[in-house]
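So the structure is just underneath, and the comments pick up after that.
The values are calculated or read from the model by the stated rules, or taken from the named source; none is laboratory data. As the structure is a prediction and not an experimental result, all values here were calculated from the model. All Cβ positions, glycine included, derive from the backbone under ideal geometry; neighbour counts span all protein chains shown. What goes into the accessible areas is simple: the full protein's heavy atoms, side chains included, and nothing from ligands, DNA or RNA. Shrake-Rupley method; radii C 1.70, N 1.55, O 1.52, S 1.80 Å.
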Amino acid sequence: MRRDWQIMALLAAATIAVFWQVGRHEFVNFDDPAYVTYNPVVREGLTWPGVLWAFTNLHGEATYWHPVTWLSHMADCQLFGLKATGHHLTSLFLHAFNALLLFALLRRMTGRRGSSAMVAALFALHPLQVDSVAWIAERKNVLSTCFALLCLWAYARYAERNSLKSKVQSLKSEVGSQGGETSSQWPVNRDQSNASRITDHASLFYLLSLLCFALGLMSKPTLVPLPFVMLLLDYWPLG
């Protein structure tokens, strides 16, 4: 675990160091006006009329229905006004957090530290990420990625719990089939209790995965294929 935390610290430091210069950048004239600078609802910050506007309106040709993304822009205007530095750094820290999430997810699913760190580093530092991190109007990319990775993490935990539940139930069946009510009664009861507790935890992780998937879709609807990714994960590495 100590080495994992060290890798995560290095990932975060490298990501922030490479992209820190975005804090000196300004808004651009492509999409930023529609999303932030010339959008009167967003510029007001977090307000109830703004929340209703984000969830109940389609917003023209410049964008589409992504209320969670609108709320993130409103929160930035609430905190930083129209100072571009704060908006840029929010995207940067979200991207750094995503890199850590990806490492943690791959590490948990595969058990491979080095490979997981390399994939997370490539994701964090690849030049294609500049578009998402350095362009304020692309907040939807880093935000939807965050919820997608949280969704997959919760789904991986759900799959682990289901696997554990199957093992406990199999053990219970083996103990019961051996006969001898006096000798096997306590293990059977204990296994029933364990199976029930594991089932409850699995359901919670499944609901959490579903919630994160919904939030991700409300950040950017291109996450529609994510359930098919889960099917692939069922095959490998979740087995």
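I'm trying to understand the selection: among the residues of the range 215-226, which are surrounded by 14 or more Cβ atoms within 10 Å (Cβ to Cβ) and of a type outside the set (S, T, N, Q)?
Those that are surrounded by 14 or more Cβ atoms within 10 Å (Cβ to Cβ) and of a type outside the set (S, T, N, Q): L215, G216, L217, M218, K220, L223, L226.
Within the range 1-17, count every residue that is open to solvent by 70 Å² or more (accessible area, probe 1.4 Å) and either among the basic types (K, R) or part of a helix (DSSP H, G or I) (or both).
Going through the range 1-17 one residue at a time, the tally reaches 6.
Which condition breaks for L211 when tested against (1) open to solvent by 50 Å² or more (accessible area, probe 1.4 Å); (2) touching a helix residue (DSSP H, G or I) at 6+ places or on another chain (Cβ under 7 Å); (3) at pLDDT 95 or above?
Just one mismatch for L211, condition (2).
Regarding R3, is this residue among the charged types (D, E, K, R), modelled with pLDDT of 95 or more and touching a Ser or Thr at 6+ places or on another chain (Cβ under 8 Å)?
Numbers: among the charged types (D, E, K, R): yes; modelled with pLDDT of 95 or more: yes; touching a Ser or Thr at 6+ places or on another chain (Cβ under 8 Å): no.
Spelling it out, it is not the case that R3 is among the charged types (D, E, K, R), modelled with pLDDT of 95 or more and touching a Ser or Thr at 6+ places or on another chain (Cβ under 8 Å).
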